[in-house]
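The values are calculated or read from the model by the stated rules, or taken from the named source; none is laboratory data. All of these numbers come straight from a predicted model, not from anything done at the bench. FYI the Cβ positions are ideal-geometry reconstructions off the backbone, even for glycines, and counts take in every protein chain you see.
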Amino acid sequence: METLTRRLLNDFQREFPLHPEPFDCIARKLQTSTGTLLDHLRELQVSGVVSRVGPVFRPNTVGASTLAAMAVPAAQLEQVAMQINEFPQVNHNYEREHRYNLWFVVTAQDRQAIDRTLGEIQRQTGYHVMSLPLLKDYHIDLGFHMQFGQQEAVQAALGLMRAETPPPGQRPAGGAEDLIEAIQDGLPLVTRPYADIANRLGCTEADVIERLRGMLETGVIKRLGVVVRHRELGYRANAMVVWDVPDERVDAIGLQLGDQDCVTLCYQRPRRLPDWPYNLFCMLHGKDRSEVEACIERTAAVLDIGTLPHAVLFSGRRFKQRGARYRYQR
């Protein structure tokens with residue numbers, strides 16, 4: 001069962017079969033039965049190792065999103081975090097070691113809905129919200145690799161995602177909103193998941209498969225497969241490192257950062273002066289804090305960026321983590 005788990009979580013984080021019986025395809029490759037595979041996936045979801053089996057959408061191609069931060073007194077942090085968790089638009093919510101100590105992601109159908117949500121969070125909590133929407137992604141949605149006896153982030157196998165400016169938040173062409181709503185929480189863990197979705201939408205199984213194929217080909221869906229939770233896989237430490245990079249150098253350094261083995265995410269976000277001078281963000285994950293600190297030191301030395309102003313924000317408590325949900329007005 002351990003071998004089955006590792007192969008399932010390692011090999012199927014992307015390239016999920018667009019076949020009427022995708023779990024049967026996977027089961028044959030893993031030399032097990034479809035029933036055993038589905039039961040095991042359900043167990044992994046219950047245990048929290050697997051978040052869902054489904055799509056990861058490229059930021060700002062489906063609706064809109066932003067990274068937000070708040071500076072909250074330590075004594076009030078958990079209470080405020082629980083208030084924020086009540087908003088369905090919030091899908092990630094973490095404590096970080098910084099004056100801005102609460103960081104969360106808000107996703108909704110458009111920018112106006114984002115602004116309304118942030119305004120309501122600010123009104124209910126009484127604390128200012130700093131919004132940092134994505135400007136460019138240099139390396140996003142890396143996934144995690146599991147090897148027998150060790151764990152490491154996948155870099156070479158997946159390749160570097162080159163700098164791209166995401167289009168403004170918009171609904172995908174072709175009337176895909178109904179399909180996005182149906183799959184945003186993951187595919188149903190049944191023998192024919194695409195047929196199950198088709199029955200809900202009033203279309204054919206082939207229609208669902210082709211629409212998913214189209215969203216993958218156009219980049220609306222960045223990957224389709226098993227979505228794991230990094231802490232449950234053994235990546236117990238992670239830090240967001242933020243840099244104040246001259247605007248004329250941000251693309252070059254962003255691409256270089258994204259190419260480092262231990263960097264799992266890298267993207268540009270706006271400065272918010274005078275409180276927030278940083279415009280380049282990267283995420284690093286490791287088995288423990290010392291591993292992440294060594295990666296930061298090594299990366300700064302290799303790229304000769306150690307003298308650039310920067311801050312290291314290690315994660316503390318995880319208050320919420322799930323896939324983004326999008327709501328559309330009919």
Quick one: D251 ticks every box in (1) out of contact with any Asp or Glu (no Cβ under 8 Å at 6 or more places or on another chain); (2) surrounded by fewer than 19 Cβ atoms within 10 Å (Cβ to Cβ); (3) within 30 Å of L38 (Cβ to Cβ); (4) not aliphatic (A, V, I, L, M) bar one, so which box is it? (3)
With of a type in the set (D, E, K, R), modelled with pLDDT under 95 and surrounded by 15 or more Cβ atoms within 10 Å (Cβ to Cβ) as the only criterion, which of R223, R269 stands out? R223
The lone condition L30 fails out of (1) touching a Lys or Arg at 6+ places or on another chain (Cβ under 7 Å); (2) crowded, with 20+ Cβ neighbours inside 10 Å is (2)
Within the range 90-107, can one find any residue that is under 30 Å from T191 (Cβ atoms) and touching a residue at least 12 places away in the same chain (Cβ under 8 Å)? yes
Among V220, V228, which is the only one that is touching a Lys or Arg at 6+ places or on another chain (Cβ under 7 Å) and under 30 Å from R192 (Cα atoms)? V220
Out of T36, T5, sole residue that is surrounded by 14 or more Cβ atoms within 10 Å (Cβ to Cβ) and part of a helix (DSSP H, G or I): T5
The condition of being within 24 Å of A68 (Cβ to Cβ), modelled with pLDDT under 95 and surrounded by 13 or more Cβ atoms within 10 Å (Cβ to Cβ) holds, among L280, L284, L313, only for L284
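Residue by residue, here is whether (1) assigned to a loop (DSSP other than H, G, I, E, B); (2) at pLDDT 95 or above; (3) surrounded by 18 or more Cβ atoms within 10 Å (Cβ to Cβ) holds:
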residue: Q170; (1), (2), (3): yes, no, no
residue: G174; (1), (2), (3): yes, no, no
residue: D178; (1), (2), (3): no, no, no
residue: G186; (1), (2), (3): yes, no, yes
residue: T191; (1), (2), (3): yes, yes, no
residue: Y194; (1), (2), (3): no, yes, yes
residue: N199; (1), (2), (3): no, yes, no
